[in-house]
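For reference, the structure discussed in these notes is given below.
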């Protein structure tokens, strides 16, 4: 992620502006980063730093590259990628919790506190 951030802020960094896929590339970049942290790290804590990075990179790029203005559409696309993956992750976690509950034999002892601890509440 650090290497990608440096490349992203270099003058004349490789981008897809001319191809028409520019906004989609932003959604995919931050969606992919969110997917990596949420799925493989199994934690939602990286959401805040990734959301901040999505905005800070555009500000740094504006300052370093001398753009006339901050590209707010790029910030929005970055954040959209994170939010889409977050929504998908929460749906998947809910589905996984439901599958686990169905797989438990009737009368099986419940976990202390009940439910799925990753959510900080009961999964029922």
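Rule-based calculations on the coordinates, nothing more; no lab input. Bear in mind that the values here come from a model prediction, so they are computed numbers and not experimental data. All Cβ positions, even for glycine, are placed from backbone atoms using ideal geometry, and neighbour counts span all protein chains on display.
Overview of results
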item: Relative exposure of 84, 57, judged by other C-beta atoms within 10 Å (fewest first); result: 84, 57
item: Efficiency of FRET between residue 104 and residue 80 - r from beta-carbon atoms, R0 30 angstrom, step 0.05; result: 0.20
